[in-house]
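Participant: So that we are looking at the same thing, I have put the structure below in structure tokens.
Bear in mind that the values in this text are calculations on the coordinates, not laboratory data. Keep in mind that what you see is a predicted model, and the values were worked out from it rather than measured. Cβ placement follows ideal geometry from the backbone for every residue including glycine, while neighbour counts extend to all protein chains displayed.
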Amino acid sequence: MEDPRSPTPQERDKVVEFLDTQLRPNVSWSIAEEYPLAFSKDKIKNSKIITENSLPIAHAHMETLLIKTPLGLFKVAAIGSVVTHPQFRNKGLSQKILNQCLKEAKDQLCDFAILWTDLFDFYRKLDFELAGHEYSLKIPLSWKNKPLPENFRFLNSIKVKASEILKIYNTHRTGTLRTAKDIENFLKIPNTSLFTAWDKKTNQLLAYAVEGKGADLTNYIHEWGGKVSAFIPLLQFAQSHYSQSLTLIAPRHSENLIRQMSHNGADLHKGYLGMIRILHPQNIFFKMQRYARQLGYTDVICTCIEDKFVLGYKNDLVGISSLRSLTQILFGPLKLEEAVRIKPQTKEVLEKILPLPMWVWGWDSI
Ligand SMILES: CC(C)(COP(=O)(O)OP(=O)(O)OC[C@H]1O[C@@H](n2cnc3c(N)ncnc32)[C@H](O)[C@@H]1OP(=O)(O)O)[C@@H](O)C(=O)NCCC(=O)NCCS
């Protein structure tokens, strides 16, 4: 058995076949169609495999994302499709592969790695922690019966120019840098529904909402954009196509939308963004301090001293020794004052920066 390595382009089909058998046994499409940017011949090098007799027996994929945020760009390693053949489990193969992914992500100067899983303890051993915020809003079925505004035209069709969607996507404050070509590929993912709202007079796209993504995110609106005034009626229109309630997933900072949906009866649930493993705390601290300075706070301290992470304001400093606690403090949901004693002024200033406004849209999860 060899060490983890990238597959060659010639091995791409074998890798996809392994993943289809292990992870998508009961669907009519290939996992490569679900993740069109991940498993193409030129991107397969971002996977890691362990083989035996020239066949993959363990796999993980790592995609590097550049995420725009109010604090600047974050380089993020999204990890997914982690699997070991049942005959080879509990021999440490997945941990080897994941450690290799983390090493490469660190070498590539990724700020952190993220993944989505329910095997929390398995990933905690590798210093991942549940962190960040994800708000889900369950749309009441009664929204179906609300009259739709006359000035909009609504469509349920994926035949929309990717460049139009990109224009609206780019108005988000936080999100992965994407091209129109990326969106064109995402729209071909099996089980994707696209709902759009248009201005009847100008024929301009005002809002969009995407439901479903292959085997995942059925009945979830995981990608969306547009002004709240057009987006909420669009959700009514989308809901009218389903017998079950749709759920919108949204960043915590979409405050206006969350408020208006809650006010109109949507059920709000607060969850985690994913499991996060910080890789370069100093780089994240640099962005935090730069952002604090932009807001007018020159004395925010965040740094590493010996084996501690030190956070604070002016001379009120606290040390945090665990990387996983730091992860929950930086990305939420843990508030610094819940973890350690700090002065009210320190709390007030750090609240301007934390939790870091971070969001990874559905199409980016791998
Ligand atoms: C989860 C999975 C990838 C682990 O692969 P593996 O090669 O057996 O993992 P390793 O041998 O490196 O690690 C095994 C360790 O994980 C633990 N583990 C395995 N499955 C687990 C589970 N479902 N929940 C919690 N811990 C688990 C084992 O107890 C073992 O812990 P130990 O080292 O303390 O004894 C494998 O079980 C698998 O392919 N499962 C099906 C696909 C899947 O669920 N993938 C994860 C998607 S995020």
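Participant: Of Lys159/Lys200; Lys138/Lys167; Lys125/Lys308, which pairs sit farther than 22 Å apart, going by alpha carbon to alpha carbon? It would help to have the intermediate numbers written out before the result.
Facilitator: Working: Lys159/Lys200 18 Å; Lys138/Lys167 27 Å; Lys125/Lys308 19 Å.
Checking Cα-Cα distances, Lys138/Lys167 exceed 22 Å.
Participant: So, one more: For Lys45, give me every one of the lysines with a C-alpha distance below 21 angstrom, ignoring sequence neighbours fewer than eight places off in its own chain.
Facilitator: Lys14, Lys75, Lys96, Lys103, Lys106, Lys181
Participant: Once label points are set 7 Å from the Cα along Cα→Cβ at both Ser322 and Asn191, what is their separation, rounded to one decimal in nm?
Facilitator: 3.5 nm
Participant: Using only the C-alpha atoms of the range 139-240, find the volume of their convex hull and express it per residue in Å³.
Facilitator: Working: hull volume 10.2 nm³, N = 102.
Per residue, the Cα convex hull of the range 139-240 comes to 100 Å³.
Participant: How many nm separate the modelled label positions at Asn170 and Glu306, each set 7 Å beyond the Cα in the direction of the Cβ?
Facilitator: 5.0 nm
Participant: For the range 52-97, state the semi-axes of the equivalent ellipsoid (square roots of 5 times the eigenvalues of the alpha-carbon gyration tensor), sorted largest first and rounded to whole angstrom. Can you show the working numbers first?
Facilitator: Values: eigenvalues 204, 20, 9 Å².
They are 32, 10, 7 Å, listed from largest to smallest.
Participant: Top mean-square fluctuation among Gln236, Gln204, Gln289, Gaussian network model of the chain, C-alpha springs under 10 Å?
Facilitator: Gln204
Participant: If you don't mind, there's one more thing I want to ask. Near Ala113, within a Cβ-to-Cβ distance under 15 Å, what is the net charge of the other residues, with Lys and Arg +1 and Asp and Glu -1?
Facilitator: Numbers: positive: Lys48, Lys75, Lys103, Lys106, Arg124, Lys125, Arg277, Arg324; negative: Glu63, Glu104, Asp107, Asp111, Asp127, Glu129, Asp364.
Taking every Cβ under 15 Å from that of Ala113, the sum is +1.
Participant: When every alpha-carbon pair in the range 1-122 is counted, what percent end up more than 20 Å apart? Spell out each step's value before the answer.
Facilitator: Working: 3173 of 7381 pairs.
That tail contains 43 percent of the Cα-Cα pairs.
Participant: If we count every other residue with Cβ under 14 angstrom of Val318's Cβ, Lys/Arg +1 and Asp/Glu -1, where does the sum land?
Facilitator: Working: positive: Lys308, Lys314, Lys335, Arg341, Lys343, Lys347; negative: Asp316, Glu337, Glu338.
With Lys, Arg at +1 and Asp, Glu at -1, the neighbours total +3.
Participant: Which FRET efficiency, nearest 0.05, do Arg89 and Leu177 yield, Cβ-Cβ r, R0 35 Å? Working shown, then result.
Facilitator: Working: r = 37 Å, r/R0 = 1.05.
That pair, Arg89 with Leu177, gives E of 0.45.
Participant: For Glu338 and Arg293 in one chain, what is 0.36 nm times their gap in residues minus the Cα-Cα distance, to one decimal in nm? List each step's numbers first, then the result.
Facilitator: Details: separation 45, 0.36 × 45 = 16.20 nm, distance 2.47 nm.
Roughly 13.7 nm would be gained on extension.
Participant: Now for a different question. Could you work out how much longer the chain between Glu150 and Val228 gets when fully extended? Use 0.36 nm per residue separation minus the Cα distance between them, nm to one decimal. Walk me through the numbers before you get to the answer.
Facilitator: Details: separation 78, 0.36 × 78 = 28.08 nm, distance 1.62 nm.
Gain in length upon complete extension: 26.5 nm.
Participant: When the chain is treated as a GNM, springs tying every alpha-carbon pair under 10 Å, which of Thr327, Thr218, Thr196 comes out with the largest mean-square fluctuation?
Facilitator: Its mean-square fluctuation being the largest, the pick is Thr218.
Participant: Sort the following peptides by mean Cβ neighbour count (other Cβ atoms within 10 Å, averaged over residues), highest first: 335-341, 227-233. Write down the numbers at each step before the final one.
Facilitator: Numbers: 335-341: 14.3, 227-233: 18.3.
Those peptides, ordered most packed to least, come out 227-233, 335-341.
Participant: Quick check on the exposure proxy: order His263, His280 from fewest to most C-beta atoms within 10 angstrom.
Facilitator: In order of increasing Cβ crowding within 10 Å: His263, His280.
Participant: Hey, rough spin-label estimate for Met1 and Thr202, points 7 angstrom out along Cα→Cβ, what's it come to in nanometres?
Facilitator: Rounded to a tenth, the inter-label distance reads 6.0 nm.
Participant: Now a separate question. Multiply the residue gap between Asn53 and Glu348 by 0.36 nm, knock off their C-alpha separation, and tell me the result in nm, one decimal place. Spell out each step's value before the answer.
Facilitator: On the way: separation 295, 0.36 × 295 = 106.20 nm, distance 5.92 nm.
Once the chain is fully extended between Asn53 and Glu348, it gains 100.3 nm.
Participant: Then there is this: Count the net charge of all other residues whose Cβ sits under 12 Å from the Cβ of Ser163, scoring Lys and Arg as +1 and Asp and Glu as -1. Don't jump to the answer; show the numbers that get you there.
Facilitator: Values: positive: Lys161, Lys167, Arg178, Lys181; negative: Glu164, Asp182, Glu184.
Combined, the nearby Lys, Arg, Asp and Glu give +1.
Participant: Pick from Tyr242, Tyr291, Tyr313 the residue whose mean-square fluctuation is largest in a GNM of the chain, springs joining Cα atoms under 10 Å.
Facilitator: Its mean-square fluctuation being the largest, the pick is Tyr242.
Participant: What is the Cα radius of gyration of the chain over 2.2 N^0.38 Å, N being its residue count? Please report the intermediate quantities before stating the final value.
Facilitator: Numbers: Rg = 21.8 Å, N = 366, 2.2 N^0.38 = 20.7 Å.
Relative to the rule-of-thumb radius for its length, the chain sits at 1.05.
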